[in-house]
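**Q** Here it is: the structure, laid out below.
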Amino acid sequence: MGGFFGVAADYDCVSELFYGTDYHSHLGTKRGGMAVADHTGRITRSIHDITNAQFRSKFDDDLSIFSGNAGIGIISDLEDQPLLITSRLGNFAIVTVGKINNIEDLTERMLKNRFAHFSETGDDELNPTELVAALISQKDSFVDGIKYAQSLIKGSCSIMILCGQTIYAARDLYGRTPVIVGVKEGAHAITMETTAFPNLGYELKYELGPGEIAEITSDKVVQKREPLAEMQICSFLWVYYGYPSSCYEGINTETVRYANGALLSEADGKVDVDSICGIPDSGIAHAIGYSNHCKIPYQRSFVKYTPTWPRSFMPQNQSVRNLVAKMKLIPVKEQIRDKRLLFCDDSIVRGTQLRDTVVRLYEDGVKEVHMRSACPPLVFGCKFLNFSRSRSELDLAARRAIQKFEGEDPSDEVIAGYLVYGSEKYEKMVESIRKELNLSSLKFQSLDNLVAAIGLPKERLCTYCWDGYEPESAKAEK
């Protein structure tokens, strides 16, 4: 997914930018970068590979090269960022978060219009941030350029631009990712995680609405485009992505997870198990909510070795991902042997790691393993935030189960029959997943209960990965 942070201040902002960016480390896996503008407008930038190391450890030695009152930083899923651009709009740095589904078409369009070349490529893919910068530079102002780029992008794209002592921040057109402004004396900050604010002394000022653009300096925030009416903020922020202390649309993630776990327990009724457990770390809050509701003790049967595995995201390579999943989770055998355990996890995606975890539990003498997923079965691959880099939806455990019953290419109408919570086809799909994972029982949260736990109207939430829903206005863009 990725996350960004920016600061515009009337003092040197490097330390705040460093720590604010670091507070987004749970959102990305591959690259970290910062760019700072000094009083003359000259921009200094540094980018590091953070695949096997923390952001802080890679940038500690770089801090002495930075000096300035405005800067932007990013933790990126894939590509190098920030990029430094020289254009008709002047020199600027840019970062983006999102997913551009029509990147090849837009690239071809630019080249046909005699745009000279693109230089930022990696893993045989064009750097999407460079494409966004090229689109922005076609217009006569940053604001018009951002509007133009976002109007052409299919998918989502939130943007931050640093030009001199000014930062332009833009939330993607449907607000799938949060962009939040904080304030304190002499400074404004822009973040995707409100977790970054308290220890840096910022108070939340307001959240940009869908498509909103703001021009931000140390002393003011000027709205350059009003929010659009329709919002589709990613529900998975509250299920998994978001850090426990963060809030989006005024709603705290940890509070939602406790409520979500309680609703899972309420739907279950009485369960005959010895303890409730959470898959570290993202399943823990859901499990505590479940335990508090059903009055069965919460205990840790697995602990995460945080000194060397602090980050929740996993490498993109499946074999490495499986190894990391095994190495970072250490069983507490005394809490496993001869016990009936009910686990809560944020979601079941491919099921590969969970299946291996269940094997380990049985090897350690568990009597029963019951699993509760804090969200519905994932049936559609995310088109908006790079939640999964899977090449095929058949990587998803739920989609494999549907294929087993319906063949390789079932119609949308056929798939829809498996999305109805509690229906015969739904139960058949869940039972197939249960058998594949060798679980004593398996249940998923209903979409209605998840929406209730979040507390926003469903029409304001993106639920595409569970029900395939897109607003008609978004479909019209295709």
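The values are calculated or read from the model by the stated rules, or taken from the named source; none is laboratory data. Since we're looking at a predicted model, the values are computed, not measured. Cβ coordinates were reconstructed from backbone atoms using ideal geometry, including for glycine residues, and neighbour counts include every protein chain displayed.
**Q** Quick check, is residue 281 at pLDDT 95 or above and not in a helix (DSSP H, G or I)?
**A** No: the conditions fail for residue 281.
**Q** Also, quick follow-up: Out of the residues in segment 443-455 meeting the condition of being in contact with a strand residue (DSSP E or B) (Cβ under 9 Å, 6 or more places away or on another chain) and surrounded by fewer than 21 Cβ atoms within 10 Å (Cβ to Cβ), tell me which one is nearest to residue 358 (Cα to Cα).
**A** The qualifying residue nearest to residue 358 (Cα to Cα) is 443.
**Q** Shifting gears a bit: Condition first: outside any helix (DSSP H, G or I) and either more than 24 Å from residue 248 (Cα to Cα) or among the hydrophobic types (A, V, I, L, M, F, W, C) (or both). Now tell me which residues in segment 3-32 satisfy that.
**A** Scanning segment 3-32 gives 4, 5, 7, 8, 9, 10, 11, 12, 13, 30, 31.
**Q** Residue 76 fails exactly one of the following numbered conditions: (1) more than 26 Å from the chain's Cα centre (by Cα); (2) within 19 Å of residue 156 (Cα to Cα); (3) not acidic (Asp, Glu). What is the number of that condition?
**A** (1)
**Q** Let me ask something else about it. Answer yes if at least one residue in segment 145-160 is among the small types (Gly, Ala, Ser), touching a residue at least 24 places away in the same chain (Cβ under 8 Å), closer than 28 Å to residue 26 by Cα and part of a loop (DSSP other than H, G, I, E, B), and no otherwise.
**A** Checked segment 145-160: no residue is among the small types (Gly, Ala, Ser), touching a residue at least 24 places away in the same chain (Cβ under 8 Å), closer than 28 Å to residue 26 by Cα and part of a loop (DSSP other than H, G, I, E, B).
**Q** Residue by residue through segment 133-164, note down the ones that are of a type in the set (Val, Ile, Thr) and either buried (at least 23 other Cβ atoms within 10 Å of the Cβ) or more than 21 Å from residue 7 (Cα to Cα) (or both).
**A** Listed by number, the residues that qualify are 136, 146, 153, 159, 161.
**Q** In the list 281, 268, which residue meets the criterion of being of a type in the set (Asp, Glu), touching a strand residue (DSSP E or B) at 6+ places or on another chain (Cβ under 9 Å) and touching a residue at least 40 places away in the same chain (Cβ under 8 Å)?
**A** 268
**Q** Still on this structure, please answer the following. Where in segment 328-435 are the helices (runs of 4 or more DSSP H), entirely inside, with at least 3 residues that are crowded, with 18+ Cβ neighbours inside 10 Å? Walk me through it before giving the result.
**A** Details: elements: 352-363, 397-406, 412-416.
The helices (runs of 4 or more DSSP H) meeting that bar are 352-363, 397-406.
**Q** Could you tell me how many of the residues in segment 436-459 are over 25 Å from residue 366 (Cβ atoms) and assigned to a helix (DSSP H, G or I)?
**A** 10
**Q** Please pick out the residue among 22, 49, 12 that is within 28 Å of residue 89 (Cβ to Cβ) and in the same structural domain as residue 163 (by TED's automatic domain parsing).
**A** Numbers: 22 fails: within 28 Å of residue 89 (Cβ to Cβ); 49 fails: within 28 Å of residue 89 (Cβ to Cβ).
After applying the criteria, what remains is 12.
**Q** With outside the structural domain of residue 186 (by TED's automatic domain parsing) and either within 29 Å of residue 194 (Cα to Cα) or at pLDDT below 95 (or both) as the only criterion, which of 299, 223, 316 stands out?
**A** Answer to the selection: 316.
**Q** Return yes when residue 67 is in the same structural domain as residue 187 (by TED's automatic domain parsing), at pLDDT below 95 and in contact with a helix residue (DSSP H, G or I) (Cβ under 9 Å, 6 or more places away or on another chain) and no when it is not. Step through it out loud before you land on a result.
**A** On the way: in the same structural domain as residue 187 (by TED's automatic domain parsing): yes; at pLDDT below 95: no; in contact with a helix residue (DSSP H, G or I) (Cβ under 9 Å, 6 or more places away or on another chain): yes.
Against the criterion (in the same structural domain as residue 187 (by TED's automatic domain parsing), at pLDDT below 95 and in contact with a helix residue (DSSP H, G or I) (Cβ under 9 Å, 6 or more places away or on another chain)), residue 67 does not qualify.
**Q** Which numbered condition in (1) surrounded by 20 or more Cβ atoms within 10 Å (Cβ to Cβ); (2) of a type in the set (Val, Ile, Thr); (3) touching a strand residue (DSSP E or B) at 6+ places or on another chain (Cβ under 7 Å) is the only one that residue 239 fails?
**A** Only one criterion is unmet by residue 239, namely (3).
Each row is one residue, and each column tells you yes or no for (1) modelled with pLDDT of 95 or more; (2) not assigned by TED's automatic domain parsing to the domain that holds residue 286.
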| residue | (1), (2) |
| --- | --- |
| 393 | no, no |
| 416 | yes, no |
| 423 | yes, no |
| 426 | yes, no |
| 437 | yes, no |
| 443 | yes, no |
| 459 | yes, yes |
| 462 | yes, yes |
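**Q** Among the numbered conditions (1) under 20 Å from the mean Cα position of the chain (by Cα); (2) buried (at least 18 other Cβ atoms within 10 Å of the Cβ); (3) within 27 Å of residue 370 (Cα to Cα), tell me where residue 467 comes up short.
**A** (2)
**Q** Something else now. Only one of these conditions is not met by residue 111: (1) crowded, with 18+ Cβ neighbours inside 10 Å; (2) among the aliphatic types (A, V, I, L, M); (3) part of a helix (DSSP H, G or I); (4) out of contact with any Ser or Thr (no Cβ under 6 Å at 6 or more places or on another chain). Which number is it?
**A** (1)
**Q** Within the set of pairs 6+ apart or on separate chains, which have a first residue in segment 70-81 that is without any contact (Cβ under 8 Å) to a residue 24 or more places away in the chain, a second that is among the β-branched types (Val, Ile, Thr) and part of a loop (DSSP other than H, G, I, E, B), and C-beta atoms under 7 Å apart?
**A** The qualifying pairs do not exist here.
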